[in-house]
Amino acid sequence: MSKSYVIGFPRIGEQRELKKVLESFWANNCSFNEVQEVASKLKARHWEYQKDAGIEYISSNDFSLYDNILDTSIMLNAIPNRFKNLRGEELYFSMARGNDTTVAMEMTKWFNTNYHYIVPELSLEDEYKLNASKIINEYKEAKTLGIKTKINLIGPITFLGLSKRVDRKDPYELLGKILPVYEELLKEIAKLDEVVTIQIDEPIFAKDNEVKVLSLIKPVYDRLSIVTNNLKIIVTTYFEHSNEATKILVTTPIWGIGLDFLYGEENFESLATIARNKKKLIAGVVDGRNIWKNDIQNSLSILGEISKVIDKNNLIISSSCSLLHTPFSLKYEDKMDENIKNWLSYSVEKLEEIKLISKIFYNGVNSLDDKETKVFEGNIHANHDRKTSKIIHDEKVQKRVSNFSKLQRNGKYEDRIKVQKELLNYKDLAITTIGSFPQTPEVRTARRDYKKNTISKDEYETQMKNYINDCISFQEECGIEVLVHGEPERNDMVEYFGEQLKGYGFSQNGWVQSYGSRCVKPPFIYGDISRPKAMTVDWITYAQSKTKKIMKGMLTGPVTILNWSFVRDDKQKDEVSKQIAIALSDEIDDLQNAGIKIIQVDEAAFKEGYPLRKEKIKTYEDWAVRDFKIAVSSAKEETQIHTHMCYSEFNDIIKTIEAMDADVISIETARSGNELLKIFKEVGYKQEVGPGVYDIHSPRVPSVEEMVKQIKLLLEVLPKKQLWINPDCGLKTRKWEETKQSLQNMVEAVNYIRKENR
Ligand code: GLN
Ligand code: ZN
């Protein structure tokens, strides 16, 4: 006996085939038929991988052409009015991406991952009705290939919990309307086979839920479980514990519960009640959202603990969540250092781990054949190697980090800002930008060529410097007051620093779906972090030498570097983050010693690092703030520290933001007028603020009048001496044409206001 289970599998394809065909279709270079052909091939291959690995519980309906929450909206016929005249793929992709005349639906992060889903948009006029074809067809597709799948669905409570209503009322009020559709769906599914297993994902149960929401669980799952008696319903949660929900779920007739024992250790508390109610437990022990080789002995000991309470017969071994969040297969990593590669496991390798753990757990080590024994021994060896390897454990770094005592910069804000204003001598409503300027095809090509060694270092630097020169001339002509160099040398704000820090690794093919056809290739932190040499000083000092105006140095903050990387799992996150912070503090010191007077430390991902559970927030905030402050601790009083955050909502975290004590923060408020700025006033926020005055996510050029109006709104909330004027975010995804016009209009708007206020 051995039972192995995978919550879900990546769908983008090992060579990002889905991405390629989708983008080709959107560019009118291929037909939708071709898209479907590629999709069928991918599904078949992905099932094959899982079958070959010996996984018993393989999913269907984990595939999607864009997003599985969007698929659920389609399944329920939850289609916003503005798309109602569209059909088929035109409807589907318009909802996801908009079209010439209609704006797309909103997109947001899937819990605390970097995957984005399409936010369901519900209204009272919706007529929910079942569209089960995708689900039914996928099941049949697999069956034709000889694979009997479990069917993955997004649960009704999570679906509504992630929805928004156009009238802003509570989406849960619509439960009575969508539940019958779910019932009908289950009836359709029940016709497919004698027995069908259904996995209903309810990750929302892993958050803090109000009693009102928890009270929906029993009626919903009582009702869904009795629709027909040939369905085995498994409710899965992940990313955190879901103890409150589990307590209720066990009292319903569902067949099993899937829990994450890695990111939700507290789930152990639910074991007794699961056992008492004789539910199956799908135990997530192989990390579905990180890239490290599983420590099989450790997994076995977790399972040993679990099986003290739960009968082995009721246990199934699983990934902690869908493997969607890990790259596909290590087989394309032929350039990686073999030592490091041997510590990693991508999705395909994780399948083998799940199977192996399950086999050993149920049948003992003696049941392994020679090949499996070798893999198991290799696993023990690799894990041991990671614990002791010199390329991971750097005593010098560890010593410095534990003795590091400069926890904040010198001087109180009130004193610092006086010195800074005198020295930097900038006007009220000082005009600046967030850092990057348009990344032209030439810049990208130059970077790529340099990486591939097809152009020399000299040639590369000349091209970058030319870009910087142009960028500076434009800013000077335009009337921007605090300049930036434009970041042409950076492909990505985290990768750029990762590449220069010791302890960081890079993959060739470690792509993970971010949204739709978009993938990211996060770098990974495998060892203790240090900075062999200055990372930005040459570029910034070059730029400063080209202008008499102030050149802002540009760094990415420790929390963002951490949150956008795969992080080692053999050390606490806060320790890794502290190592990065110390490296950055050295960089800041080097910058100011080289004459740079303003330094911006971007914390774009500060907010998304927040834990799902309230009780864990304080711990996160404590170390995140600590490490931002450590990073800037080397700044002299007269060095002005800016930070930038790609958010607009600060209501819940304003005190934390204040505690970071940056002299200036720029934020994303263009789309919300002055509403979201008010909290800064309410709490008596003292430091300076640069609320974005135009939205950089669209190519539209805002007019002078528009921005005058926007600035006036800002002035209703904060005094002019506390305000900076800048766009919402970096400009690297924009074109030069629209950027120039927009920034010119922005400067003109400021000049107009200044004149008026004289
Ligand atoms: N300095 C970065 C840029 O302008 C900031 C980007 C971000 O915060 N996402 O590109
Ligand atoms: Zn931003």
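Here, each number is a calculation from the coordinates, and none is a lab measurement. Note that the structure is a prediction, hence the values are computed from the model and not measured. As a convention, Cβ positions derive from the backbone with ideal geometry for all residues, glycine included, and neighbour counts pool all protein chains shown.
Would you mind checking region 656-680 for residues with the amide N under 16 Å from a putative spin-label position 7 Å along Cα→C-beta of S698?
669-673, by backbone N distance to the label point.
So what's the angle, to the nearest 10 degrees on a 0 to 90 scale, between helix 441-451 and the longest Cα principal axis of the chain?
Its long axis makes an angle of about 70 degrees.
For region 362-508, taking Cα atoms only, what is the radius of gyration to one decimal and the Dmax to the nearest whole Å?
Computed over the Cα atoms of region 362-508, radius of gyration and Dmax are 25.2, 76 Å.
If the chain between T619 and S301 were fully stretched, how many nm would it gain, using 0.36 nm times the residue separation less the Cα-Cα distance?
Fully extending the segment from T619 to S301 adds 111.7 nm.
As a test of the definition: which semi-axes, in Å, follow for region 208-259 when you take the square root of five times each eigenvalue of its alpha carbon gyration tensor? Largest first, please.
Details: eigenvalues 75, 37, 10 Å².
Taking √(5λ) for each Cα gyration eigenvalue gives 19, 14, 7 Å.
What span do the alpha-carbon atoms of region 1-147 cover on each of the three principal axes, reported in whole Å from largest to smallest?
Taking max minus min along each principal axis of the Cα atoms, region 1-147 gives 53, 36, 32 Å.
For region 568-670, take the alpha-carbon Rg, divide it by the Kirkwood Rh, and send me Rg/Rh.
0.98
Taking every DSSP beta bridge that has both residues in the chain, what percent is antiparallel when rounded to the nearest 5?
Percent antiparallel among DSSP bridges in the chain is about 15.
Using the basic label-point model (7 angstrom from Cα toward the beta carbon), what is the K686 to N403 distance in nanometres?
Label at K686, label at N403, 3.4 nm between them.
Which ³J(HN,Hα) values in Hz, rounded to whole numbers, follow from the phi angles of region 557-570 under the Karplus curve 6.51 cos²θ - 1.76 cosθ + 1.60, where θ = phi - 60° and Gly and Pro get x?
x, x, 5, 6, 4, 5, 5, 9, 10, 6, 10, 4, 9, 9
Report the full-extension gain for the segment T373 to N131: residue separation times 0.36 nm, less the Cα-Cα distance, to one decimal in nm. Could you put the intermediate results ahead of the total?
Values: separation 242, 0.36 × 242 = 87.12 nm, distance 4.71 nm.
So the chain would gain 82.4 nm between T373 and N131.
Quick one: 3J(HN,Hα) in Hz for region 533-546, Karplus 6.51/-1.76/1.60 with θ = phi - 60°, rounded, Gly and Pro as x.
8, 4, 9, 10, 4, 4, 5, 5, 5, 4, 4, 4, 5, 9
Using 0.36 nm per residue, how much length does the chain from V365 to D167 gain when fully extended, once their Cα-Cα distance is taken away?
Gain on stretching V365 to D167: 65.4 nm.
By how many degrees, 0 to 90 and rounded to 10, does the Cα axis of helix 211-225 deviate from the longest principal axis of the chain?
It works out to around 30 degrees.
For A44, put the label point 7 Å out on the Cα→Cβ axis and report which residues of region 131-162 keep their amide N under 18 Å from it.
Residues 137-149 fall inside that zone.
Given a Förster distance of 51 angstrom, what is the FRET efficiency for D415 paired with D311, based on the Cβ-Cβ distance and rounded to 0.05?
E(calc), rounded to 0.05, equals 0.15.
Need one word for region 280-319: rounded, prolate or oblate. Basis is the Cα gyration tensor (sqrt eigenvalues a ≥ b ≥ c); a/c below 1.5 gives rounded, then a/b vs b/c decides.
On the way: a/c = 3.43, a/b = 1.71, b/c = 2.01.
Oblate is the answer for region 280-319, as a/c is 1.5 or above yet b/c matches or exceeds a/b.
With label points built 7 Å along Cα→Cβ from the Cα atoms of S24 and E37, find their separation and express it in nm.
Calculated label separation equals 0.9 nm.
Which percent of the Cα-Cα distances in the chain go past 40 Å?
Of all Cα-Cα pairs in the chain, 37 percent lie more than 40 Å apart.
Using r as the Cβ-Cβ distance of E422 and S473, and R0 as 30 Å, what FRET efficiency do you calculate, to the nearest 0.05?
Working from the Cβ atoms, E equals 0.60.
Which number do you get for Rg(Cα) / (2.2 N^0.38 Å) in region 642-685?
1.06
For region 224-324, with equal point scatterers placed on the C-alpha atoms only and solvent neglected, what are the log10 I(q)/I(0) values from the Debye formula at q = 0.17, 0.18, 0.22 1/Å, to two decimals?
Debye curve over Cα of region 224-324, log10 I(q)/I(0) at q = 0.17, 0.18, 0.22 Å⁻¹: -0.72, -0.80, -1.15.
Quick check: convex hull of the Cα atoms in region 431-584, volume per residue, rounded to a whole Å³?
Numbers: hull volume 21.5 nm³, N = 154.
Cα-based convex hull of region 431-584, divided per residue, equals 139 Å³.
Whose amide H sits under 5 Å from the amide H of L122, counting only residues 5 or more places off or on another chain, with H placed in the peptide plane?
Placed amide hydrogens put K164, R165, V166 under 5 Å from L122.
For region 64-121, what is the charge dipole size about the Cα centre, in debye to the nearest 20, if Lys and Arg each add +1 at the Cβ and Asp and Glu each add -1 at the Cβ?
It comes to approximately 80 debye.
Can you figure out the FRET efficiency of N277 with K735, using R₀ = 51 Å and their beta-carbon distance, to the nearest 0.05?
It comes out at approximately 0.30.
Note the angle between two axes, namely the Cα long axis of helix 573-593 and the longest principal axis of the Cα atoms of the chain, as a number of degrees from 0 to 90, rounded to the nearest 10.
20 degrees
In vacuo Debye scattering of region 159-289, one point per C-alpha: log10 I(q)/I(0) at q = 0.09, 0.14 Å⁻¹?
Each listed q corresponds, in turn, to -0.27, -0.65.
Can you list residues whose amide H is under 5 Å from C519's amide H, if they're 5+ apart or on another chain and H is modeled 1.01 Å from N?
Close amide H contacts, sequence-distant or interchain: S514.
With a sphere of radius 11 Å drawn around the Cβ of D260, what net charge do the other residues whose Cβ falls strictly inside it have (Lys, Arg +1; Asp, Glu -1)?
Once positives and negatives cancel, what remains is -3.
Rounding to the nearest 20 debye, state how big the charge dipole of the chain is about its Cα centre with +1 on each Lys and Arg Cβ and -1 on each Asp and Glu Cβ.
In debye, rounded to 20, the chain gives about 380.
How far apart, in nanometres, would the label points at N85 and K712 be if each is projected 7 angstrom from Cα along the Cα-to-Cβ direction?
3.7 nm
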